[in-house]
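Asks: One structure, pasted below without further comment.
The values are calculated or read from the model by the stated rules, or taken from the named source; none is laboratory data. For clarity, every value in this text was computed on a predicted model and none was experimentally measured. Heads up, the Cβs are rebuilt from the backbone with ideal geometry, glycines too, and the neighbour counts pull from every protein chain shown. Side chains included, ligands, DNA and RNA excluded: accessible areas come from the protein's heavy atoms. Shrake-Rupley method; radii C 1.70, N 1.55, O 1.52, S 1.80 Å.
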Amino acid sequence: MRIEDPRLTAAFRELGVELRPSTSLADETSLGIGGTTDLLRIQKHESIPDLLALLDKNHVPHKFLGGGSNLLVGDGELPWVMLQLVRPEPDVQIEGNIASVDAAADLGRTVTFCAKNDLGGMEGLIGVPGTVGGALRMNAGAYGMQIGSYVREVKLYRAAARRIETLRGEQISFEYRHTSFAPDDMMLSVKLELPSKPFREILQGIRICNEKRRSSQPLGQKSAGCIFKNPPGASAGRMIDELGLKGLSVGDARVSDRHANFFVNAGKASAKDMLALIASVRQRVHKAYGFDLENEVVVWTA
Ligand code: EPU
């Protein structure tokens, strides 16, 4: 979608919003898949209510893009514009056991920054790509921990109320790869309360998690992490593997040879290829095991 109305582009400038025309979502997502659209980069959280009122008034559909690491975007010219927060400097500030983190901060860098300040707890998230906002929205977790356990406060733009609000941790429910945030809420910043731990000890935990991840996941390849959520009491990766589906391909979309719940873009996969592969694997797992696998990857198609 192209925004060419000079009144709108002037209003963006006034709000401190940068317009990047015709951005390829293949370049903005870890899967390397996705068509093109205009990208609006937001410098100041405070401008969001006015920006969204402006877009709504002018009937410009929009979606919020985080780090693009758990996202499958459709092909071709996309029928919405993308909004993205610009990462401020500094993006993490520490006071006692509280880390105040901007939603646009990189998750891995946040984990190491906190570690250097003797704050631990998030070692399992090292190596999970994406932003802190994205991790928060889906309650990212690994190796027995999840980010939601440490959330004390979240500042977010509530689309339904059209304003910026602050929620306390207890007002939000964090479940396995699921939160009570509305789909159109936009994470802005979070206060995490982290346990004190000596840096060396945290570093040791980080090394162990890194090693486990390297040995079981296809880290060097383009992927969106796990494609499906694990059904209660079962492992999607193990079931797909047991069915002998590693290497199954549609075009360049391929079930990883290393971890069967990772689907990789082995070249120039399209969203159509990846969606066909997802549908085919889901159907085979359903037939063999009776589970209807739920996507963990967020899918944005027209
Ligand atoms: N397994 C296989 N074959 C495979 C993959 C896994 O047999 O191809 C077996 C493993 O041997 C193991 C079991 O399945 O016995 C579970 O595998 P793993 O330990 O890799 O964990 P997972 O359930 O597949 C989850 C998360 C990962 C997270 C790891 C580590 C989900 C959907 N996935 O994977 O998160 O990194 O645990 O804690 O919850 C993600 O969310 O994108 C993600 C990668």
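Asks: Quick one: is residue 194 touching a Cys at 6+ places or on another chain (Cβ under 7 Å) and buried (at least 16 other Cβ atoms within 10 Å of the Cβ)?
Replies: yes
Asks: Suppose we filter 129, 183 for residues that are farther than 30 Å from residue 203 by Cβ and open to solvent by 20 Å² or more (accessible area, probe 1.4 Å); which single one remains?
Replies: Going through 129, 183 in turn, just one is farther than 30 Å from residue 203 by Cβ and open to solvent by 20 Å² or more (accessible area, probe 1.4 Å): 183.
Asks: With the checklist (1) assigned to a loop (DSSP other than H, G, I, E, B); (2) farther than 27 Å from residue 271 by Cβ in hand, flag the one item residue 75 doesn't pass.
Replies: Here residue 75 clears every test but (2).
Asks: If you go through the stretch 58-81 one residue at a time, do you hit one that is open to solvent by 20 Å² or more (accessible area, probe 1.4 Å), among the charged types (D, E, K, R) and over 19 Å from residue 300 (Cα atoms)?
Replies: Within the stretch 58-81 (the criterion being open to solvent by 20 Å² or more (accessible area, probe 1.4 Å), among the charged types (D, E, K, R) and over 19 Å from residue 300 (Cα atoms)), the answer is no, since none of the residues qualifies.
Asks: Something else about it: All but one of (1) part of a helix (DSSP H, G or I); (2) in contact with a strand residue (DSSP E or B) (Cβ under 7 Å, 6 or more places away or on another chain); (3) among the acidic types (Asp, Glu) hold for residue 56, so report the exception by its number.
Replies: Only one criterion is unmet by residue 56, namely (2).
Asks: Right, something else. Only strands (runs of 3 or more DSSP E) wholly contained in the stretch 91-207 count here; list those with 1 or more residues that are away from the ligand (no atom under 16 Å from the Cβ) and either under 24 Å from residue 228 (Cβ atoms) or touching a Gly at 6+ places or on another chain (Cβ under 9 Å) (or both).
Replies: Numbers: elements: 92-95, 98-102, 151-158, 163-168, 186-193.
Of the strands (runs of 3 or more DSSP E) lying wholly inside the stretch 91-207, those with at least 1 residues that are away from the ligand (no atom under 16 Å from the Cβ) and either under 24 Å from residue 228 (Cβ atoms) or touching a Gly at 6+ places or on another chain (Cβ under 9 Å) (or both) span 98-102, 151-158, 186-193.
Asks: In the stretch 265-302, what count of residues is obtained for those that are assigned to a loop (DSSP other than H, G, I, E, B), closer than 20 Å to residue 254 by Cβ, of a type outside the set (A, V, I, L, M, F, W, C) and touching a Lys or Arg at 6+ places or on another chain (Cβ under 7 Å)?
Replies: Matching residues across the stretch 265-302 total 1.
Asks: Another one. When the residues of the stretch 138-177 are narrowed to those that are of a type in the set (S, T, N, Q) and under 15 Å from residue 103 (Cα atoms), which ends up most open to solvent (accessible area, probe 1.4 Å)? Show your work before the answer.
Replies: Step one: of the stretch 138-177, the residues of a type in the set (S, T, N, Q) are 139, 146, 149, 166, 171, 173.
Remaining after also requiring under 15 Å from residue 103 (Cα atoms): 139, 166.
Working: 139: 1, 166: 79 Å².
That would be 166.
Asks: Any idea which residue in the stretch 3-35 is nearest to residue 269 (Cα to Cα), counting only those that are over 19 Å from the mean Cα position of the chain (by Cα) and part of a strand (DSSP E or B)?
Replies: Per the stated criteria, the residue is 22.
Asks: Another question about this same structure. I'd like to verify a number: residues in the stretch 48-57 that are open to solvent by less than 10 Å² (accessible area, probe 1.4 Å) and without any contact (Cβ under 8 Å) to a residue 40 or more places away in the chain, how many?
Replies: 2
Asks: Just name the residue that is nearest to the chain's Cα centre (by Cα) out of those in the stretch 223-264 that are among the small types (Gly, Ala, Ser) and open to solvent by 30 Å² or more (accessible area, probe 1.4 Å).
Replies: Ranking the qualifying residues of the stretch 223-264, first place goes to 235.
Asks: Which one is nearest to residue 1 (Cα to Cα) among residues in the stretch 25-42 that are open to solvent by less than 20 Å² (accessible area, probe 1.4 Å) and among the aliphatic types (A, V, I, L, M)?
Replies: The qualifying residue nearest to residue 1 (Cα to Cα) is 39.
Asks: Between 47, 100, 69, which is modelled with pLDDT of 95 or more and more than 30 Å from residue 196 (Cβ to Cβ)?
Replies: On the way: 100 fails: more than 30 Å from residue 196 (Cβ to Cβ); 69 fails: more than 30 Å from residue 196 (Cβ to Cβ).
Matching residue, one of 47, 100, 69: 47.
Asks: Still on this structure, I have one more. Which condition number does residue 135 fail, the rest of (1) open to solvent by 10 Å² or more (accessible area, probe 1.4 Å); (2) without any contact (Cβ under 8 Å) to a residue 40 or more places away in the chain being met?
Replies: (1) is the only condition that residue 135 fails.
Asks: Another question, if that's okay. Can you name the number of the only condition in (1) surrounded by fewer than 17 Cβ atoms within 10 Å (Cβ to Cβ); (2) in contact with a Phe, Trp or Tyr (Cβ under 7 Å, 6 or more places away or on another chain) that residue 22 fails?
Replies: (2)
Asks: Within the stretch 209-253, can you find the residues that are out of contact with any His (no Cβ under 7 Å at 6 or more places or on another chain), within 10 Å of the ligand (Cβ to nearest atom) and free of Cβ contacts under 8 Å to residues at least 60 places away in the same chain?
Replies: Listed by number, the residues that qualify are 215, 230, 234, 235, 236, 238, 239, 240, 241, 242, 245, 246.
Asks: Does residue 201 count as under 18 Å from residue 140 (Cα atoms), in contact (Cβ under 8 Å) with a residue 40 or more places away in the chain and among the acidic types (Asp, Glu)?
Replies: Values: under 18 Å from residue 140 (Cα atoms): no; in contact (Cβ under 8 Å) with a residue 40 or more places away in the chain: yes; among the acidic types (Asp, Glu): yes.
No.
Asks: Go through (1) modelled with pLDDT of 95 or more; (2) within 22 Å of the chain's Cα centre (by Cα); (3) not in a helix (DSSP H, G or I) for residue 220 and report which single condition fails.
Replies: The failed condition is (1).
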